[in-house]
1. Take the residues in the stretch 454-473 that are within 18 Å of Lys513 (Cα to Cα) and either aliphatic (A, V, I, L, M) or under 42 Å from the mean Cα position of the chain (by Cα) (or both); name whichever of them is surrounded by the fewest Cβ atoms within 10 Å (Cβ to Cβ).
2. Among the residues of the stretch 32-66, which ones are outside any helix (DSSP H, G or I) and over 25 Å from Asp211 (Cα atoms)?
3. Does Tyr481 satisfy being out of contact with any Leu (no Cβ under 8 Å at 6 or more places or on another chain) and of a type in the set (Phe, Trp, Tyr)?
4. Look through Ile362, Ile418 and report the one residue that is exposed (fewer than 15 other Cβ atoms within 10 Å of the Cβ), out of contact with any Lys or Arg (no Cβ under 9 Å at 6 or more places or on another chain), of a type in the set (A, V, I, L, M) and more than 14 Å from Ile698 (Cβ to Cβ).
5. Would you confirm, using the coordinates I've provided, whether Ser630 is crowded, with 19+ Cβ neighbours inside 10 Å and closer than 17 Å to Gln665 by Cβ?
6. At least 1 residues that are touching a Cys at 6+ places or on another chain (Cβ under 8 Å) in each: list the helices (runs of 4 or more DSSP H) lying fully within the stretch 543-629 that qualify.
7. Give the stretch 736-779 a look and list any residue that's modelled with pLDDT of 75 or more, in contact with a helix residue (DSSP H, G or I) (Cβ under 8 Å, 6 or more places away or on another chain) and surrounded by fewer than 21 Cβ atoms within 10 Å (Cβ to Cβ), or say none.
8. In the stretch 1020-1073, which residues are out of contact with any helix residue (DSSP H, G or I) (no Cβ under 6 Å at 6 or more places or on another chain), of a type in the set (Val, Ile, Thr) and surrounded by 12 or more Cβ atoms within 10 Å (Cβ to Cβ)?
Amino acid sequence: MDLNLEEIEKTGGSPYAERFEEFFNLEYKKQIERIIESYPEDKTVLVDFKILEKFDPTLADELLDNPDPVLEAAHHAIQNIHLPTLTTESFKPHVRFTNLPRDREIDIRNIGSKHLGKLISVEGLVRQITDVLPKLTMAVWKCKRCGNVYRIPQEKQHLRPPSMCECHSKEFALEEDKSEFIDYQKVQVQETLEKLKGNEQATYLDVYVSDDLVNKVAAGDKTKFVGTLRLVPPQKDKKTVYGRFLEVNSLEETAKEFSEVDITKEEEEEIKKLAKNPRIYEMLAQSVAPAIYGHEVVKESIALELFGGVTKHLPNDQKIRGNIHILLIGDPGCLVGDERVVMGNGAIKKIKDLGKNHLEEIDLQVLTGEGGKKRARAKTFFKYKKKEVMEIITESGKRIKGTLDHPLLCITTKNGKIERVWKRLDEFKVNDKVAVINYIPCTITKPINSNFELMKPTLGPKFKGKLPDKVTTQLAALLGYMLGDGWVREKEAYVVVADHEKELVMKLTKLIKKLFNIEPSITSKKQEGKKEVMHRIGIHSRDIAHNLMILREKRVPQIIMESGNKVVKEFLKWLYQADGCVFSKGRGNRSVSLKAKNIELLRDVQILLLRYSIHSRIVGNNLMIRRGESIKKFGKEIGFVSNEKNLKMKIAVKNAKEHERFKQQRSEKIVKIIKHGLEDVYDIEVPKAHRFIANGIISHNCGKSQLLQAAHKIAPKSIYVTGKTTTGAGLTATAVKDEFGEGGWTLKAGALVLSSGGVCMADELDKMDPEDRSALHEAMEQGMISVAKAGIVSRFKADSSLLAAANPKYSRFDKFQPFLEQINLPASLISRFDLFFMIRDILDKTQDAKISEHILKTHQSGEKLMQYEKKGVSLKKEEREEIDKITKPSIDAELFRKYVSLARQKCFPILSQEAIDKISDFYIGLRDQGRQQGSYAATARQLEGLVRLSEASARVRLSDKVEVEDAERAIRLVRKSLEETVTDPETGRIDIDIITTGVTQSKQNAISQVLNIIKEQMGTGIDMVPYEDVISIAMEKGLDAEKVKQAVEELTKKGDVYSPRHHFLKPTANKMS
C-alpha cells in the first residue's frame, strides 16, 4: 500500500492561493502560455515584485515576511489556471521573484538573525561553486516489516523518514530508484569589493541553487540572489551556534562593474568641474599616497592606470585590452631580527617581534628620533628570507646590522654647517658619523603581565608557593641580581652574596618570600682558593625555576625591556649591585662600570640607560659611564643597593660635578664595519615619519608597498595580495576538492577574477613560484583565465589591471647592470607591463631637504591642530590654508573613487588624427633609433601601451576625444619608464631587448660572436676549444675578457656549449651546424 504523506498533510486551502490565481490571470497569463509551449525546458515564471506590490500590497508584504507558505500558494495557484492549450500531463513551473524593494537588498556582512526565514536579496561575487549534484526531494520509504511504502517530501538538509509505520515498526529502507531528485548546486559568494572600506575583509555566504538555476553562474561572476535565509544545524562542538545559507528563489548576473558607486548630481557636477581644472593631473598624482613625498611620475602613472584605457571588441570575437599594467621594483632596506626598536611609550622590542607574517598590517606607535617626543605609527611589517647583511659599530659600542642598502641618518659638516643626509650601510666608511638619540621618554606606569605559568602537574609534590602575575619592582630586583650573580637550573635557582655585602642576604630572602611565598635555603662556605665566605640562597621549585629560565640567555628579559621606569630602575640597581662597580680617582679614571661576557647584554643595558638620559660606552666586556652629567644621573636615578657601593657612588657624584659636559652628543663616529653572510631581515613601514629608532640609532623605514596600498584604497574595485602567500590559484583560478563541494570538485576564483573590471595589486611578485607566475600571462594579455583540472575545463573573465611590485635579486640595484638581470621575473612576463619603474631611495641632498621639510611641516600642522582642538588656540586663515595644503590630498579619496567610476562608465574616447600622428612619430623615432644601433628600441606592445595611456589621460578630462596633450603625456611617461629600466648600461641607449629577451643587444652580439669563435675553431678539426684561445681571439675582435666570460656563462646556461674538460669548451650537437 502506497501512502502519500504530502497529500495527507494538506488540510484546507491557502488564503493566498485565490489572490495569486487572480494575479496570474491578470498579469502573467501570456507568459505562462509561452512557458507551456517549451515546458519542461523552460519552467520558470519570473515575477516582478513591484507588479505584485501594485496588485496587492498586503500579499507582497506577506511574501517578504513569510515566504514559505506564500510561495507554496503561488505554486498551487499557477496549476489551477485554466489553460486550454495545456497538453502536458504535469505542469509544475517555478514561481520566481525579482526586483525586491531596496530595504530587502542586504549587504552580506549585515545579514543577521532578524533575516532568518525572510525573503531577501543579496549581491556578491561568486567565489566557489560545486558540480551539479542530485538532491532528494521526494523520498520513498519502505517498511522493513510489512512492506508499506511512504512518500515523504524532503525539505531540509537532513533525511526525514516516517516516524512510525501502521504496523508500529520504526525501521524503513530508502528506495532511491523510486524517489524523486532535482539538480542541486552549492555556491559561495563574497561581498562585492566596491562595498569594502579601508582594510575590511570580505564576508562570505553560502547559497543553494536547484533545478533550472544550476550552472547559471560561474566563479568570478557578480550575481544578485533572491532567496530565503535558512539555518544550518550546529557542528558537534558548537551546540548552540548555527550556520546560515540562502535558499535561492531567483538569480540574475549583474555585470555592471562600477554601478554600485552611487554618484549624486552634486558630486557629478563637482567631478566635471575638477576635470576642467588645468592642474587636474597634478592633483590626481598628489592624491595618490600623499604621505609619500616625491615619485610624482609613478603616482601619475598609477592614477592613469585607475582610469584605464578603452577595451575594444572587434569582429570575429577579437579583443584588444584596455587595462594598463604597471610594475614597480623597490629597494627593501631591512634589519636583522634582534635590533631593538623603541616604541612610542618607551618600551623596547626586537624588530622581529613586531609582527608575524610578511606584509602583516600592524598599528604600533614608535619614536621617530626627530627631537623631543615625536612619535608616528608603524602600519606594515615586512619579513625577508636570507639577505646579505653587514654591521656597523659606533664609538660607544652601539651597532646596526642590516641589508647593504638600509639607510641611516648621516651627520656631516659642510662649510661650517651641519648637514643630515640618508646613506646606505654600504656607503658608510670608518669615521663617518651617524645620528643617535640621547633620551628615550617613557610613559609606562602600570606593571605589565609577567606571563609566569605553572608547569603541567607531575607525580611529584604539588607546588605550594605562588607565582607573581605582574612585573613588579620586587620581581625586577630579583631578576637583576640573579642575572648578575646567580644561575638557573631545571628544578632550582640560586643567587650568591659575598660576605662583605652580607646585608643583601636578608633583603634577597625577603624578596623571594614575598614573591613566591616559599622559604629559600641559605648555605655559607668558603670556596677553594678564596678567602671570603660566600652565601648561597637557593630556590628549590621546579615551577619557579621554569619561569626564571628567561635569564639563561644572559640578556635583559623582554618583560623588563617593556616595563616602566620604576621597574627598570630596580632591575638596573640590583644588576649593577651584582656585576657593577664605581671608581672615583679623578678625570679619566672615574666611571660606573658593568661587566658581562655577553656584549648584547651590555647593549640591552645601554639602551635602557637612555630612559634616564645616561650616556654609556662599551669598552671590551665593560659598559662604562664616564661623563660627569651621566654619573650624576646614575647616582640620582638608579644607584646601588649596598651601603658600601652607595658611599663610593656619592663620592663619584661629587667629583663628577666638577667635570660636567655642556652638550649632549647627538652623533657618533663609526669605528668598525663588518661584512656578514645571509640572514633573515625585517622592517616596518612608518608612513608619515619614514623613520624609527633601532639600537639608539636613527634608522630609515620601508615604504615599498605604500604606493600599492594607496591605490588599493582609491580604486573603486580592487584586491591586494602578496606573492609570498599567494599561489597561481590564489591569483587566477583553480579546481579544488574540499568539504564545500560535498566531497567533490569545485571551481575557486582567484584575485584577478574577483577584481575583474578593477585593479589587482600584487606585492612581492618575484616571490611567487615560477609555475604560479605563468598563470598570469593569459590573464594580463587576454583578460581571461583558462582552467583545465580534475576534468573541469572552463574559462573565467579576468579583465583586471595589474599593479605589481617586486624586489631586486640582490637586495639593491646596481646601476651598472641591466634591469632584467636584477629581478627574478621572466622577460615574457615583464614585457606584458605597459610601464615599469624602479622605486629607489636616491640619496640626494636637495631631495632629502625637501622630504625633511615636508615631514617637519606635517608634524607642525598636526601640533597646531591639536592645540586648536584641545586648548582652543585660534588659527589664522593663512595657517588653516597652509595646514590643508600640507595634510589633505588634493582630491578626497571617496570623490577620487567616484571620479574614476564615472569616467570608466561614461567616457570612451577616440583617437584624434593629431594624437595618432604624435604617437606614430614617437614610435617610428624609437624604431629608427633602434635600427641605427642594431637593436630594438620599441615593439608593438609599447605602441599599444601608448594608446591605452593616452585614452586614460582623455578619460581624466571626461573627454570623448584623445587630444595631442594626452598623447604627449603618454609619451612622457613611457619615455621615462624606458629610460629608467631598458637603457643599456654599456651604450646608454634604450634597448627593449632587455625586456623582451632579458639580454641587451650589445650583450647578445657578444654571445653570438663567442659562439661563432668556438664553432670556427671546431671547424679546424680539433675536438674541443681551449678557453684561453676563445678569450684571445675575442679580444682581437674588440671584446674584453669579462664580456667573453659572461658570454660563455650565458651560452653554458642555455645549453649551447659545455665544458668536456676543465678550461675547454665545445658546442652542443644542435649548435654544431
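1. Ranking the qualifying residues of the stretch 454-473, first place goes to Asp469.
2. Asp56
3. no
4. Of the residues listed, the single one that is exposed (fewer than 15 other Cβ atoms within 10 Å of the Cβ), out of contact with any Lys or Arg (no Cβ under 9 Å at 6 or more places or on another chain), of a type in the set (A, V, I, L, M) and more than 14 Å from Ile698 (Cβ to Cβ) is Ile418.
5. Criteria met by Ser630.
6. Answer list for the stretch 543-629: 565-579.
7. Asp766, His777
8. Of everything in the stretch 1020-1073, those that are out of contact with any helix residue (DSSP H, G or I) (no Cβ under 6 Å at 6 or more places or on another chain), of a type in the set (Val, Ile, Thr) and surrounded by 12 or more Cβ atoms within 10 Å (Cβ to Cβ) turn out to be Ile1022, Val1048, Thr1052, Thr1068.
The values are calculated or read from the model by the stated rules, or taken from the named source; none is laboratory data. All values derive from a computational prediction rather than experimental measurement. FYI the Cβ positions are ideal-geometry reconstructions off the backbone, even for glycines, and counts take in every protein chain you see.
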